[in-house]
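Data first, discussion second: the structure below is written as structure tokens.
The values are calculated or read from the model by the stated rules, or taken from the named source; none is laboratory data. Everything quoted here is computed from the prediction, not taken from an experiment. Don't worry about glycine lacking a Cβ; one is built from the backbone with ideal geometry, like all the others, and counts go over all protein chains shown. Note: areas computed on protein heavy atoms with side chains; ligands, DNA, RNA excluded. Shrake-Rupley method; radii C 1.70, N 1.55, O 1.52, S 1.80 Å.
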Amino acid sequence: MSGTDDDMKNVLQLISTTLMRVVRRRRPGYRINWRKLFFIAAIMTTAVTLLQTCTLPNPLAIWFPLPSVKVSSYKALNGSGQVNEALPLASTEQISPLPISHNTTLNSTGSRQSVRGLEKNPKDSPMRNSRRRRKKNVRKGKSDEPEVAPPPPRADPSPWQRYVWSLPPDKALVYAKKEINRAPIVTEDPDLYVPLFRNLSIFKRSYELMENILKVYIYPDGKRPIFHNPHLRGIYASEGWFMKLIEENRQFVTRDPKKAHLFYLPYSSRQLELALYVPDSHNLRPLSKYLRDYVNMIAAKYPFWNRNRGSDHFLVACHDWGPYTVTEHKELRRNTIKALCNADLSEGIFVAGKDVSLPETTIRNPRKPLRYVGGKRVSQRPILAFFAGNMHGRVRPILLKHWGDKDEDMRIYGPLPLSVSRKMSYVEHMKSSKFCICPMGFEVNSPRIVEAFYYECVPVIIADNFVPPFNEVLDWSAFSVIVAEKDIANLKEILLAIPLRRYLSMQINVKMLQKHFLWNPRPIRYDLFHMVLHSIWFSRLNQIELSQDS
């Protein structure tokens, strides 16, 4: 069948459809003059035939487009279409392209339209039609979001992925450590800022291996509220957010413990305190005994703890008392990987290189954990240094003694006075300061460190024996100032001695670091959830000893 015959067939089909719509939509009682109707149809057919053969240079399928085809939006965005209804033969044949001039455009159905015609008929514009459809959908109670077809199934794994997935857990860890030792040199990466890292090549390779290999088994045992009940608000929220996100995760979590490389003890040190601690008793033994009994139950019920005395198990605890809850169980204290906010080397519980320093984050609204994130330009930071907080611990009273109400550049307070907060809030003070002082309180860590990152203020850490978070991969000298407790009296001189160029570099680094310290309700690569998990994974690999010929 020729292209002209196909075009005529399509046009006749269009004319007959139009006439039938006229017949169906006639007013009640109206009598149709069939002779006149067929006469009009004959005239239209003759006119279209003459138009096609005498004047138009292209097939009629271009000038009289067929009804639009429903296409999967996911496929459309990825370069292929999925047709959901059968098309006439003419629509599937190759159509010669129409030359595009300055006054023609291609509409959504593939046909050419005059730009001048579109300008003369604004009522028929796509924008106006979309608004009409949107209003109509709202009146009908329909969603305004377009219907998106589900994405296709995952691509088949590569031969390398099949290989690493086939390895037993212990051999997979050995393989990962060998791969990290011979990591290719990486000098730049679009997702990672090089100055932040001690060795970007090692971190990137280790992270990639974690994404492809790591499987975590979460023990289902344990009663609420101490187990499987994340606490998502306040200064101890880090342990709760990690628990929430790991229990929702499908990429890293396995239900088969035989495939696991790590085993998670899903308890909350904050919930343990709320449930068992007697106020003002100063007795933490009931808390540590409870956790000891839990571990003994796990060891008796499952074979995994006893294989290596808990060295492939980990816990995450952000409460100041987190380290003290493990003291009643020797193997738990000595062997288990402990992710702790209270990463204090002086107490003999936290072990550098094996345990993980957990960032202490203050979450005021769990529904909006990223609220207030962001800061001001350097030119809008007139305050040299700022601190406000309760006077507890050994460092803060010394800080206040030397700098409280002593210097206009050094805004050092106890609790922020009401007269001051009325003019400028605590958050605005941090956003308006070049340096944010982060002294230890009762324990070495402080939520102000992460708050400084959120508000793009360079943190000044005053806490001897403190191991900063992710210290195994991050170069803290690039974005923070660490001051010894004995040098508090010289604090202003230390800060003023930092050259402007050096400070500007540190402030940029703080901005680039920010994404690594954010709790996202849906985790994304390199965010805080993944950074904590990577530190635990990296710690586990550090325990692997390779033979000399490896």
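Of the whole protein surface, Asp405 contributes about 140 Å² of accessible area at a 1.4 Å probe radius.
Which value does Rg/Rh take for segment 300-414 over its C-alpha atoms, Rh per Kirkwood? Working shown, then result.
Working: Rg = 20.3 Å, Rh = 18.0 Å.
Rg/Rh for segment 300-414 comes to 1.13.
Of Thr327, Thr187, the residue with the largest accessible area leads and the full order is Thr187, Thr327 (1.4 Å probe). Ordered by solvent-accessible area of protein heavy atoms (1.4 Å probe), largest first, the residues His429, His231 come out as His231, His429.
Return the loop-located chymotrypsin sites (Phe, Trp or Tyr not before Pro) in segment 247-339 (DSSP other than H, G, I, E, B) with at most 16 other Cβ atoms within 10 Å of their own Cβ; answer none if there are none.
Details: sites: Phe252, Phe263, Tyr264, Tyr267, Tyr277, Tyr290, Tyr294, Phe304, Trp305, Phe314, Trp321, Tyr324; in loops: Phe252, Tyr277, Trp321.
The qualifying sites are Tyr277.
Share of carbon and sulfur in the accessible area of segment 365-420 stands at 51%, probe radius 1.4 Å. Residue pairs exceeding 24 angstrom between C-alpha atoms, taken from Lys376/Lys492; Lys223/Lys354; Lys376/Lys515: Lys223/Lys354. Among the GluC sites (Glu not before Pro) in segment 387-458, those placed in a DSSP loop whose Cβ has at most 10 other Cβ atoms within 10 Å are Glu408.
How high is the FRET efficiency between Asn249 and Met512 when r is their beta carbon distance and R₀ equals 25 Å, given to the nearest 0.05? Working shown, then result.
Numbers: r = 26 Å, r/R0 = 1.03.
The computed FRET efficiency comes out at 0.45.
Taking the alpha carbon gyration tensor of segment 378-524, multiplying each eigenvalue by 5 and rooting it gives semi-axes of 22, 18, 17 Å, largest first. In this structure Glu347 has an accessible area near 70 Å², from a 1.4 Å probe over the protein heavy atoms. Among the trypsin sites (Lys or Arg not before Pro) within segment 415-463, those in coil by DSSP and having at most 12 neighbouring Cβ atoms inside 10 Å are Arg422, Lys423.
Quick one: divide the alpha-carbon radius of gyration of segment 147-267 by 2.2 N^0.38 Å and tell me what you get.
Working: Rg = 17.7 Å, N = 121, 2.2 N^0.38 = 13.6 Å.
Dividing the Cα Rg of segment 147-267 by 2.2 N^0.38 Å gives 1.30.
Once R0 is set to 56 Å, what does the formula 1/(1 + (r/R0)^6) return for the Cβ-Cβ distance between Lys376 and Asn306, expressed as a FRET efficiency to the nearest 0.05?
Details: r = 55 Å, r/R0 = 0.98.
Step by step, r from the Cβ atoms, then E = 0.50.
Sorting Met243, Met424 on solvent-accessible area from highest to lowest, probe radius 1.4 Å, gives Met424, Met243.
Computed with every protein chain present, the accessible area of Met391 is close to 70 Å² [probe 1.4 Å]. The residues of segment 290-331 expose on average 40 square angstrom of accessible surface per residue, using a 1.4 Å probe on protein heavy atoms. Put simply, the Cα atoms of segment 210-312 extend 47, 31, 20 Å along their principal axes, the longest span coming first.
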